[in-house]
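Data first, discussion second: the structure below is written as structure tokens.
The values are calculated or read from the model by the stated rules, or taken from the named source; none is laboratory data. Just so it is clear, the model here is predicted, and its values are computed rather than measured. Note that each Cβ is placed from the backbone with ideal geometry, even for glycine, and that neighbours are counted across all protein chains shown.
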């Protein structure tokens, strides 16, 4: 990588033996896993909620989107991601760290693969393929839709 080559800072994490990444700007913090409180809001992606620094944070498990079941272990973490609609905790198997990836190593996904809604790019680093997750697209469905108000008058 040269000093003039465009690059991205990515937080790389693992989930079911695969590697994924989020833009570092979207990740607010990474905490040790703690079981979320099961609430009426739990279901689908949302596993429950935790209280973090005085704020209620929904906790999401992408395993169901990948056709898998989450298994909690010693390296399991919660990545707190800041979305337009608020913070959200993402359960991951482990965090590899922040990587600096050259734009030249990032390619668009083939169309059939991109239909899962997680993202549209992949980073090829040596033999590794790392799926780049678009946090707004992949995680926004965890928030309930706000009904639009009808205009009267």
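The single condition from (1) out of contact with any strand residue (DSSP E or B) (no Cβ under 9 Å at 6 or more places or on another chain); (2) within 23 Å of residue 122 (Cβ to Cβ); (3) exposed (fewer than 15 other Cβ atoms within 10 Å of the Cβ) that residue 65 fails is (3).
Among the strands (runs of 3 or more DSSP E) confined to region 37-107, the ones with at least 3 residues that are touching a residue at least 12 places away in the same chain (Cβ under 8 Å) and in contact with a helix residue (DSSP H, G or I) (Cβ under 7 Å, 6 or more places away or on another chain) are located at 77-83.
Determine whether residue 6 is out of contact with any strand residue (DSSP E or B) (no Cβ under 7 Å at 6 or more places or on another chain) and closer than 21 Å to residue 107 by Cβ. So residue 6 passes the test. Taking the criterion of being at pLDDT 90 or above and either surrounded by 13 or more Cβ atoms within 10 Å (Cβ to Cβ) or under 19 Å from residue 72 (Cα atoms) (or both), the residues of region 38-60 that qualify are 48, 49, 50, 52, 56, 57, 58, 59, 60. Within region 9-19, not a single residue is buried (at least 16 other Cβ atoms within 10 Å of the Cβ), modelled with pLDDT under 90 and not in a loop (DSSP other than H, G, I, E, B). Find the residue count for region 109-153, including only residues that are at positive phi, more than 15 Å from the chain's Cα centre (by Cα) and at pLDDT 70 or above. The total comes to 1. In region 75-102, the qualifying residues are those that are at pLDDT 95 or above and exposed (fewer than 12 other Cβ atoms within 10 Å of the Cβ), and the one that is nearest to residue 20 (Cα to Cα) is 97.
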